[in-house]
Amino acid sequence: MRFVWAVAAFVLATVMIGAGIAQRTIFQGPKTETTAISVEEQTPYLLIDGAVLNQMPGTQTLRAQAEGDIFASYGRTADMEAWLSDSTYTHVTLDDEGALETAVVEPAVDATVDPTAEAPAEDPADGDAAADEAAAPDATSGDAAADTAGRTPVGSDLWLDEYQQTDLLIAPLQLPEDMSVLVAADGTAPAPSTVTVSWPLQTSTPWAGPLIVGGGILMAVGVFLYILGIRHARRKRGPRRKGLPLPVTEPIDIAIDHDDKGVISSSKSTRRAVSSGGRRAFAVLPVVAVSALLFSGCSADAWPQLGSSPTPSPTATVIAPDGQQAPAVTKAQAERILTRIAATVADADAAMDGDLADTRLEGAALAARDTNYKLRAALGDYPAPAPILAKPLEIILPQAYDGWPRSVIAVADDDESKTSSIMVLTQQDQWADYKLSYVGSLEASTSLPDLAPAYIGAPQVEPDSPFLLLPPNEIAAAYSDIITNGESSQYYDLFEADGDQLRASIAADRQRRLDEFNKTASSTGNLEFSSAAGVQAPFALQTVESGAIVAVNINEIDTVKPTNADAVIKVNDNRTVKTLAGVDQSQTGFATTFSDQVFFYVPGPGSNEKIRLLGYSSDILDAKIL
């Protein structure tokens, strides 16, 4: 009877394990859902809408196949469409019934203007002719972009991320509906026509685990019953304590040997030993099989989820104000952009290439670099400018703006020198690269005001905004007046004097140079100092407490004039002025200009705080004959 129960356990265990394995294999079904995108008319770009990517829940996997290099990037749909506004491209969307729909989009009539962009918050005409001239290359970038033949999408600052592979591109994504994916080759060749999007399917088999484990237990019970049956059968073959008939015995062969007489051998004992070893091997095999099957059903989706799903704990969220637009960049995007800027400017510094620097710098930052390159070319020992810091990026405050130009304020640290830089980066249009327009070193004791998180951003403050202690377009002139007139300035009480190292260093440097001048040329010349707002327009982003971080440009001007008609001003000892002016003496005098890039925190009008210096940089800008 034990053998009958053992066989029944083996059969039932086989059925259960087979059913469990079948659930995990042939009956499980596909693990992914795939949608193929068919393109009838070839264009250089393929734009896949976010609705297509989110027609199924879960992460998305993009696959594109073609010969040669394949490019893919993703970003906000509005930004993607703006970048493609002057190009012919194929747009993949969903119709009202949820079916894929492809359409070829032709470029707009005026390819240099984004029809969805709002007017910039700041009128470039507010600056003088020099500012207009500095902005001219960016203003024409849209015209250059209108000719899209061969325009590569690789490396655009507009993308949140990008991928490049050869022949087959596989990109794991997890994008919301307001983002789209751009697929292309090189911007000239047709985009890949074999493109699919796949999603993982939730194919859980909650009874596979119990069936496999239960079958394994039954198989172990069957093995145990089988061993008991064998043991019972052996015991039944033992000697019986009854009378006749005598038990049947096996024939015994007696072999007589000269060396060992009377040796008795039994053929049955030999067969029994062999058969017993075979049964041991047979008993081990099911145990090994059961162990392998048990491990095959250990994944979480192979077991029933009896408990309720845990309720996630609430987390604090920051809600953007109603009507506020999207932030210009993400933190990862800003890190990538700033890394590119730092690398390009480092190459330009090494080669003293102003044209290369112009691709990533503008305004006062570019003007300071141009002057440095000119001086280093003439004076071999003139120091190179400080490198642009990129990592680690500690703070990012992007402008909340859907149009162009759009900007971002960033703070990066240097672990070696223990210094920090604050910068303003601006993108003039959707085809242009971000350029560094302001850069300064943060004061060691500087504490920044409360800022909105990077995923919210902050609106730009209008240059003439009355909702600050001083409008941004008056900050440079007011601070210049304090530099020139000190405590007698009408703006002195509006600015915090404690911790203002820029004012202290300017005052000390001016006094030192004035003392040196009076020792040598006070009888024949006169040295005067003045300050004024620079040519670069101010930039301001709002802080949490209705204040603003404001970046301005200030010029310090040193003027040396002769005091009589026969006197001549010589600058033999000043190699910098001599190099920039091109002469070593003048009967009319010299004017030397230093450019300061200054960052302030400007509180709102109802605050008890004063305007506080955050950081600055100062560089010589020019020297000329009066």
Checklist outcome for this item: By residue number, the members of segment 426-436 that are of a type outside the set (S, T, N, Q) and either over 15 Å from residue 343 (Cα atoms) or assigned by TED's automatic domain parsing to the domain that holds residue 82 (or both) are 429, 431, 432
Item to check | Residue that is surrounded by the most Cβ atoms within 10 Å (Cβ to Cβ), among those in segment 184-198 that are among the aliphatic types (A, V, I, L, M) and in a strand (DSSP E or B) | outcome: 184
Item to check | Residues within segment 579-602 that are on the phi > 0 side of the Ramachandran plot and touching a strand residue (DSSP E or B) at 6+ places or on another chain (Cβ under 7 Å), tallied | outcome: 1
Checklist entry - In this structure, is residue 475 closer than 21 Å to residue 542 by Cβ and buried (at least 24 other Cβ atoms within 10 Å of the Cβ)? => result yes
Next on the checklist: Taking the criterion of being part of a helix (DSSP H, G or I) and either modelled with pLDDT of 95 or more or more than 28 Å from residue 179 (Cβ to Cβ) (or both), would at least one residue in segment 306-327 satisfy it?
Outcome noted: no
Next on the checklist: Any residue that is farther than 28 Å from residue 370 by Cβ and modelled with pLDDT under 95 - is there at least one of those in segment 419-433?
Outcome noted: no
Item to check | Residue within segment 77-94 that is at pLDDT below 90 and either within 27 Å of the chain's Cα centre (by Cα) or more than 22 Å from residue 169 (Cβ to Cβ) (or both) present | outcome: no
Item to check | Total residues in segment 337-367, condition without any contact (Cβ under 8 Å) to a residue 24 or more places away in the chain, charged (D, E, K, R) and part of a helix (DSSP H, G or I) | outcome: 2
Checklist entry - Within segment 556-564, can one find any residue that is buried (at least 19 other Cβ atoms within 10 Å of the Cβ), within 42 Å of the chain's Cα centre (by Cα) and within 30 Å of residue 448 (Cβ to Cβ)? => result yes
Item to check | Tally of residues being assigned to a strand (DSSP E or B) and surrounded by 22 or more Cβ atoms within 10 Å (Cβ to Cβ) across segment 368-399 | outcome: 4
Checklist entry - Taking into account only those residues within segment 492-528 that are touching a strand residue (DSSP E or B) at 6+ places or on another chain (Cβ under 6 Å) and closer than 18 Å to residue 553 by Cβ, which is modelled with the lowest pLDDT? => result 500
Next on the checklist: Consider segment 167-183. How many of its residues are farther than 19 Å from residue 78 by Cβ and either crowded, with 19+ Cβ neighbours inside 10 Å or outside the structural domain of residue 70 (by TED's automatic domain parsing) (or both)?
Outcome noted: 2
Checklist entry - Which condition number in (1) surrounded by fewer than 13 Cβ atoms within 10 Å (Cβ to Cβ); (2) at pLDDT 90 or above is the one that residue 48 fails? => result (1)
Item to check | Conditions (1) assigned to a strand (DSSP E or B); (2) buried (at least 21 other Cβ atoms within 10 Å of the Cβ): number failed by residue 537 | outcome: (1)
Next on the checklist: The conditions are (1) assigned to a loop (DSSP other than H, G, I, E, B); (2) β-branched (Val, Ile, Thr); (3) closer than 24 Å to residue 361 by Cα, and residue 550 fails exactly one of them. Which is it?
Outcome noted: (1)
Checklist outcome for this item: Within segment 417-455, restricting to residues that are touching an Asp or Glu at 6+ places or on another chain (Cβ under 7 Å) and part of a loop (DSSP other than H, G, I, E, B), the one that is surrounded by the fewest Cβ atoms within 10 Å (Cβ to Cβ) is 450
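The values are calculated or read from the model by the stated rules, or taken from the named source; none is laboratory data. Only a predicted model underlies this, so the values are computations on that prediction, with no experimental measurement involved. Neighbour counts run over all protein chains shown; Cβ positions are idealised from the backbone, glycine included.
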